[in-house]
Amino acid sequence: MLMAVYPGSFDPITNGHLDLIVRGAMLFDRLVVAILRNESKAPLFTVEERMAMLREVVRECPNVEVDSFHGLLVDFAARKGATVILRGIRAISDYEYELQMALMNRRLRPEIETVFLMAGEAYSFISSRLVKEVFALGGNISGLVPPSVEAQLKKRVLRGQ
Ligand code: PNS
């Protein structure tokens, strides 16, 4: 059984992430979407909120599981029994950061391979950071995030955070 981990911050999940999850779920027998618990970042949504949003959007994908982790990604992948780390690349600007992480992860655990998928062209400009910025400034983000995530953003921003 081929199991992959798709790690990230997912603050919040975008349609670009979702596209990668759906395509990853077709390539691997099991896909674990894993949210990093990172105390040094100040996220908009808590890990629990992000997990709930992810679970909602993948509820019709039977081989996709949502989890969270802290510490090294490769150790989490090994604990899960995954042999692949899945990452998306949008533009050449993503490449350097992804290359560094992939090589470091390979050094830490050579038995775990990083597999990259090119982001769908419709999503190649979307990032969680830009979605939050545009939304907070009153811009239209429909089509960039799942409707349930847009609703959560509305609640959060209207609450004044
Ligand atoms: O969505 P992001 O923020 O680009 O995801 C980055 C992530 C979570 C994949 C990366 O920060 C990570 O794997 N962190 C876990 C700690 C770790 O293993 N660090 C060494 C990676 S080379």
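A91 versus S127, label points 7 Å from Cα toward the beta carbon: distance in nm?
Distance between label points: 0.9 nm.
Over the chain, with the other protein chains present, what is the accessible area per residue in square angstrom, probe 1.4 angstrom?
Averaged over the residues of the chain, the accessible area is 56 Å².
Report the paramagnetic label zone for V22: residues of the range 74-96 whose backbone N is under 20 Å from a point 7 Å from Cα along the Cα-to-Cβ axis.
Output list for this probe position: 86-91.
Farthest toward the dipole's positive end in the range 35-161, which of M53, Y97, I85, given Cβ charges of +1 (Lys, Arg) and -1 (Asp, Glu) about the Cα centre?
So the residue furthest toward the plus end is M53.
Give me the percent of accessible area attributable to carbon and sulfur for the chain, probe 1.4 angstrom. Provide the component values of the computation, followed by the final result.
Numbers: 5080 of 9030 Å².
It is 56 percent, rounded to a whole number.
Whole Å is fine, so just give me how far the alpha carbon centre of the range 1-52 lies from that of the range 98-157.
Using only Cα atoms to place each centre, the spacing works out to 9 Å.
How many Å³ per residue does the convex hull of the Cα positions in the chain occupy?
113
Around L108, under 14 Å between beta carbons, what's the net of Lys plus Arg minus Asp minus Glu among the other residues?
+1
Can you tell me, using C-alpha contacts under 8 Å and at least 6 residues apart, the relative contact order of the chain as a whole percent?
Values: 226 pairs, mean separation 46.6, N = 161.
Once normalised by length, the contact order is 29 percent.
For the residue pair R79 and Q100, what label-to-label distance in nm results when each label sits 7 Å from Cα along the Cα-to-beta-carbon direction?
A separation of 2.6 nm, rounded to one decimal place.
The values are calculated or read from the model by the stated rules, or taken from the named source; none is laboratory data. Owing to the predicted nature of the structure, the values given are computational and were not obtained by experimental measurement. No Cβ is skipped: glycine too gets one built from the backbone with ideal geometry, and neighbour counts run over all protein chains shown. Calculation scope for accessible area: heavy atoms of the full protein, side chains included, ligands and nucleic acids excluded. Shrake-Rupley method; radii C 1.70, N 1.55, O 1.52, S 1.80 Å.
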